[in-house]
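> Here you go, one structure.
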Amino acid sequence: MKSKLFLLLIIVSNSIMANITLPNVFSDNMVLQRNSEIQIWGWANPKEEVKITTSWNHQEYKIIADNNANWRIIIPTPKEGGPYSIIFKGYNEINLKNILIGEVWLCSGQSNMEMNANWGIQNGEEEAKKATNANIRFFSVEKSSSSHPQNNVSGKWSVCSPETMKNNSAVAYFFANRITEDLKNVPIGMIISAWGATSAEVWIPEDIIQNNLELLEASKKINPNEYCPVGPGLTFNTMIHPLIGYKIAGTLWYQGESNVGSPIYDKTFTALINSWRALWKEDFPFYFVQIAPYQNGEDHYSNVKIRDLQRRVLQLPNTEMVVTSDISPTDNIHPKDKKSVGLRLANLALVNIYKTNSNLANGPFFKNLKIEKNKILVYFYYAEGLYFKDKKVNQFEIAGSDNVFYQAKAEIKNNVVILNSDKVKNPIKVRFAWANTTQSQLFNKVNLPASSFISE
């Protein structure tokens with residue numbers, strides 16, 4: 001009797017210890033990146049063989065868990081399609097169902113990325129009613145923080161419906177919905193990992209900040225916040241680190257409001273982008289949203305400085321920025337028109353990545369300037385059809401060596417802005433829309449606004 005009981009305990013113990021388990025991001029309804037070599041990983045008993053069968057090619061793959069009970073395998077994916085299944089077999093069996101193969105995007109940032117239809121976005125109820133689309137899937141990461149990197153996230157994949165759309169990032173939904181219009185039958189998976197009020201530093205690996213004195217000193221100046229963690233790496237550890245390796249097409253980022261006042265946000269943001277790309281071992285597209293004009297604090301230029309520093313990050317390869325000054329009221333830090341934001345991000349992807357659209361998708365960005373006697377000629381990227389929206393043109397200022405800026409007369413010739421002022425005989429610098437709440441007057445032929453800037 002004792003021997004039978006002992007044997008039963010061994011069997012039960014082994015079954016508990018040996019079960020294959022998967023990170024939550026691998027689950028029913030998930031989307032995997034198409035035409036790729038994807039990584040799938042999990043845990044099992046040390047030296048346990050895990051057999052994985054994928055229904056899209058009916059192939060069996062085998063991997064043996066290491067002595068730390070970890071296993072990781074690379075599996076090829078086909079072109080878009082589904083639904084498919086994946087079966088995992090070891091001492092137990094897991095069968096994941098309703099899997100789609102398509103395009104996967106990681107969406108992160110603070111509240112403007114997190115903001116959903118339930119928050120009261122523009123036309124939210126009407127948009128939700130139209131949101132039944134089984135080709136769009138959401139994986140929403142639950143908020144958590146830790147001082148140490150974690151190996152799993154809390155969250156689950158859900159199929160897009162009026163109800164799930166209302167509870168997920170509006171920017172992510174409108175981006176995905178626009179992409180599906182052009183890519184037709186290509187499924188879109190949106191992984192949403194965002195937390196309102198967070199600064200960029202909490203999304204960066206702590207060692208990156210600790211090993212950079214300038215970033216470290218800036219991180220020490222972040223004010224405590226009752227709504228979110230503020231220490232370097234705290235949300236990265238729990239909300240990004242467990243996702244590293246999950247194959248993505250690119251990243252969407254909407255953040256910056258909580259870094260207003262930082263003189264080095266461009267360096268902080270650059271560190272974030274570079275660190276994520278290094279960990280994924282891929283220079284994936286990184287598309288971000290410039291924060292909206294808003295009256296921040298006592299510093300007359302605190303908001304516009306962050307917007308200009310965001311613009312400067314475009315020096316990094318494979319980055320794009322959406323300007324929102326024309327669709328954002330200056331008295332609301334949470335602009336409600338999230339559809340336009342999502343569409344503008346999607347149009348950039350459709351032009352640059354998916355090549356289904358050849359239309360201009362960027363607003364004008366400062367390129368360089370040329371000085372001709374008492375005039376400054378300002379050149380822009382994406383300047384086709386450059387025009388001023390208002391009759392009264394008063395957003396350009398120029399300065400001489402004394403660095404005192406005066407409003408300049410502005411005219412457009414051949415998509416070049418020509419500036420001069422009687423008060424500046426020898427101009428050397430220019431700035432545009434240089435105030436916290438100024439909304440751009442300058443647009444291109446597709447009615448996208450120019451970013452504020454200051455020449456250096």
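> Would you be able to say whether some residue in the range 96-111 is free of Cβ contacts under 8 Å to residues at least 60 places away in the same chain, among the aliphatic types (A, V, I, L, M) and touching a strand residue (DSSP E or B) at 6+ places or on another chain (Cβ under 7 Å)?
Checked the range 96-111: no residue is free of Cβ contacts under 8 Å to residues at least 60 places away in the same chain, among the aliphatic types (A, V, I, L, M) and touching a strand residue (DSSP E or B) at 6+ places or on another chain (Cβ under 7 Å).
> Right, here's the next one. Tell me, which residue of the range 324-366 that is among the basic types (Lys, Arg) and in contact (Cβ under 8 Å) with a residue 40 or more places away in the chain is surrounded by the fewest Cβ atoms within 10 Å (Cβ to Cβ)?
Among those that are among the basic types (Lys, Arg) and in contact (Cβ under 8 Å) with a residue 40 or more places away in the chain, it is Lys336.
> Among the numbered criteria (1) modelled with pLDDT of 95 or more; (2) farther than 28 Å from Ile428 by Cα; (3) out of contact with any helix residue (DSSP H, G or I) (no Cβ under 6 Å at 6 or more places or on another chain), which single criterion is violated by Val341?
Among (1) modelled with pLDDT of 95 or more; (2) farther than 28 Å from Ile428 by Cα; (3) out of contact with any helix residue (DSSP H, G or I) (no Cβ under 6 Å at 6 or more places or on another chain), Val341 violates only (3).
> Can you confirm whether the range 114-127 contains a residue that is assigned to a helix (DSSP H, G or I) and without any contact (Cβ under 8 Å) to a residue 24 or more places away in the chain?
So far as the range 114-127 goes, yes, one or more of its residues are assigned to a helix (DSSP H, G or I) and without any contact (Cβ under 8 Å) to a residue 24 or more places away in the chain.
> Now, a different point. For the subset of the range 79-99 comprising residues that are of a type in the set (Lys, Arg) and assigned to a strand (DSSP E or B), which member is nearest to Val186 (Cα to Cα)?
Lys97
> Sticking with this structure for a sec: Please state which one of Leu272, Leu213, Leu279 is out of contact with any Asp or Glu (no Cβ under 7 Å at 6 or more places or on another chain) and crowded, with 18+ Cβ neighbours inside 10 Å.
Among Leu272, Leu213, Leu279, only Leu272 is out of contact with any Asp or Glu (no Cβ under 7 Å at 6 or more places or on another chain) and crowded, with 18+ Cβ neighbours inside 10 Å.
> Filter the range 40-78 down to residues that are part of a loop (DSSP other than H, G, I, E, B) and touching an Asp or Glu at 6+ places or on another chain (Cβ under 9 Å) and give me whichever is surrounded by the fewest Cβ atoms within 10 Å (Cβ to Cβ).
Checked the range 40-78; the qualifying residue surrounded by the fewest Cβ atoms within 10 Å (Cβ to Cβ) is Lys47.
> Out of all the residues in the range 144-185, which are in a loop (DSSP other than H, G, I, E, B) and crowded, with 19+ Cβ neighbours inside 10 Å?
Residues satisfying the conditions are Ser145, Val153, Gly155, Asn168.
The values are calculated or read from the model by the stated rules, or taken from the named source; none is laboratory data. Just so you know, these numbers come straight off a predicted model, no measurement behind them. Cβ sites come from the backbone with ideal geometry, for glycine too, and all protein chains shown count toward neighbours.
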